[in-house]
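Have a look at the structure below before the remarks.
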Amino acid sequence: MIGAGVFSAFAPAAGAAGSWLPLSLAIAALAAYCNAVSSARLAARYPESGGTYVYGRRRLGDLWGYLAGWGFITGKTASCAAMALTFGIYLAPEYGRWAAVAAVAGLTALNLFGVHKSALAARIIVAAVLLVLASVVLVGASGAVALPVFQDAPSWGVLQGAGLLFFAFAGYARIATLGEEVRDPATTIPRAIPIALGITLVVYAAVAGTALAVLGPAGLAASPAPLADAATAAGAGWLAPVVRVGAAVSALGALLALILGVSRTVLAMARDRHLPVGLAAVEPVRQVPRRAELAVGVAVIALVLVADLREAIGFSSFGVLVYYAIANASALTLSREEGAPPKVVPAAGVVLCLVLAFTLPLTSVIAGVALFCVGGALWAVRRGRPGR
C-alpha cells in the first residue's frame, strides 16, 4: 500500500475536499477495510488466483465475475498510467509524459523476458519510501503555516476526495491471497489486514497533515508534485530532489508489478474466452504470456498519451471501486459455515464502494460507465454465440 500513490493522490483529493482532506482519508480507509475483510473471507473459501473474477462467478453468476475482471483490467490499466505519469512528473517534469511512455515500454520489455520485482526489492523500496515520507513530515513540521481548521466544504467534495484517495490504498487485498504461504492463515490474515491498514492510515495522515499545513489546501490541490513542493516550501530545498527520486523509484516498482498483475488477469479471462483467445498464448521457453503483456503495455501507453495524472487516478478508482463492490456483494452470500464476516462489513463495503465510485469527477464516472457498458455488451455477444 505504501508506495507511489502517496506521492500523487493527495493533490486531486485536496482539490475536492479542501481542508477536510483528513476526513476523506478516513472514509477511504474504512472502505478499504471492508473490502479487505470481504476479500480475505472469500480467499479462504476459494484459494484460487483471479480474485473477485473467481468470487463473483462462484457466488453471483458468470456476468458479475466477468464484470469484476473487466473492472480490474480497466481500472488497473489506468493505475499503470497513473504510476507511469507519477514517475515522469517527479523525475522529469518538463518531459513527464514522454518519460512515462519510456518507463512503460521499458518495463513491459523486462516483463516479456520474465524479469519481475522480487520481495527483497519491494522491501527496499518501501523502506526508502518510508524514510522519504518521514523526512518530509519532519521538515514540514518546522515550515508549517497556520491552517484554517475544517473550512466549509460540501459533503460531495469530501466523498469525491475519499474516492480519489482510495487509489492510494491499492494493495491491501493482496494479503488475502497469501493463505497458502503463511502459518495459521485463519488467524494471521485477519490480524494482518487491520494492522497493515492501520499503519498505512497513520503514515498517510501524517503526510496529508504536513502537506496541508505547509502548502495549504489550494496550494496542495494545484501542485503537480506535492511532496517535493512541500519540502521546498518548508525551507528544505535540498530534500526535494530526494523526494523526486524516491517517488520515481516507488512508481517504477509499482508499475512493474501492476503490468505483471493486469497481464495475468487478461491471460485468465482469455483462457475462459471472455477476451480474445489469442491473448491466452504463453511463450514456451520463459512461460510468460507475451501477447497479454504487449496488449497491456500498448493500452497503458495509449492512456498515458491522452490522459493526465488526475484523470488516470479518477478512472482507476472507479474501476477498482466497482470491482470491490462485487467482492463485497459476493461476501454477503457467504454463510456462517463458510466463514462469513459480520454482515455489516460487506454491506457497508458495497454501499461505500458505489457511493465513492459515483461521486468521483464526472469525466471519470462517464468514462467508467461507458467502459463497463462496452464490457457488458461484449459479454452478451459472447453468450449469444452458438456452440459456446
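The values are calculated or read from the model by the stated rules, or taken from the named source; none is laboratory data. Quick caveat: nothing in here was measured; it's all calculated off a predicted structure. Because the Cβ atoms are built from the backbone with ideal geometry, glycine has one as well, and the counts that use them run over all protein chains shown. Note: accessible area is taken over every heavy atom of the protein model, side chains too, but ligands, DNA and RNA are not part of it. Shrake-Rupley method; radii C 1.70, N 1.55, O 1.52, S 1.80 Å.
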Using packing as a proxy for protection, rank 221-233, 126-138 so that the peptide with the highest average count of other Cβ atoms within 10 Å comes first.
221-233, 126-138
Can you find, among Val351, Leu279, Thr188, the residue sitting farthest towards the positive end of the charge dipole of the chain, where Lys and Arg contribute +1 and Asp and Glu -1 at Cβ?
Leu279
Determine, at each q value in 0.09, 0.14 (inverse angstroms), the log₁₀ of I(q)/I(0) that the Debye formula gives when each Cα of segment 4-383 is one equal point scatterer.
-0.49, -1.23
Whole-Hz Karplus ³J(HN,Hα) for segment 263-280, in order, using 6.51 cos²θ - 1.76 cosθ + 1.60 and θ = phi - 60°, x for Gly and Pro?
5, 6, 5, 4, 4, 4, 6, 5, 5, 8, 6, 7, 10, x, 5, x, 6, 8
Could you state the accessible area per residue of segment 4-383 in Å², with a 1.4 Å probe and every protein chain left in place?
41
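Where a ≥ b ≥ c are the square roots of the eigenvalues of the C-alpha gyration tensor, would you call segment 273-388 rounded, which needs a/c under 1.5, or, failing that, prolate if a/b is larger than b/c, or oblate?
Values: a/c = 1.79, a/b = 1.24, b/c = 1.44.
It comes out oblate by the Cα gyration axes.
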³J(HN,Hα) across segment 121-126 via Karplus (A = 6.51, B = -1.76, C = 1.60, θ = phi - 60°), whole Hz, x for Gly/Pro?
4, 4, 5, 5, 4, 5
Taking the 0 to 90 degree range and rounding to the nearest ten, how far is the long axis of helix 362-384 tilted relative to the main principal axis of the chain, both from C-alpha atoms?
10
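Given a 1.4 Å probe and every protein chain left where it sits, what share in percent of the accessible area of the chain is carbon and sulfur?
Working: 11140 of 16410 Å².
With neighbouring chains kept in place, the figure for the chain is 68 percent.
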Could you give the angle, 0 to 90 degrees to the nearest 10, between helix 290-306's Cα long axis and the longest principal axis of the Cα atoms of the chain?
40
Among Cys373, Ala9, Leu258, which residue has its Cα positioned farthest towards the positive end of the charge dipole of the chain, with +1 placed on the Cβ of Lys and Arg, -1 on the Cβ of Asp and Glu, and the dipole taken about the Cα centre?
Cys373
Kirkwood-based Rg to Rh ratio, segment 329-388, C-alpha trace
1.16
Run the helix sum for the chain: -39,500 (n - 2.57) per DSSP H stretch of 4+ residues, divided by residue count, reported at 222 nm to the nearest 500 deg cm²/dmol.
-25000 deg cm²/dmol
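With +1 assigned to the C-beta of every Lys and Arg and -1 to the C-beta of every Asp and Glu, and no other charges, what is the dipole magnitude of the chain about the Cα centre in debye, to the nearest 20?
Numbers: 26 positive and 15 negative charges, 232 e Å.
Dipole about the Cα centre, nearest 20: 1120 debye.
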Scoring the chain by relative contact order with C-alpha pairs under 8 Å, at least six apart, yields a percentage of 34
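Among 189-201, 59-71, how do they line up from the highest to the lowest mean number of other beta-carbon atoms within 10 Å?
Details: 189-201: 16.5, 59-71: 21.4.
Packing proxy ranking, top to bottom: 59-71, 189-201.
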Using alpha-carbon coordinates, inclination of helix 185-222 to the longest axis of the chain, degrees:
40
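If you wrap a convex hull around the alpha carbons of segment 1-107, what volume per residue comes out, as a whole number of Å³? Don't skip to the end; give the middle numbers.
Details: hull volume 14.7 nm³, N = 107.
It comes to 137 Å³ per residue, whole-number rounded.
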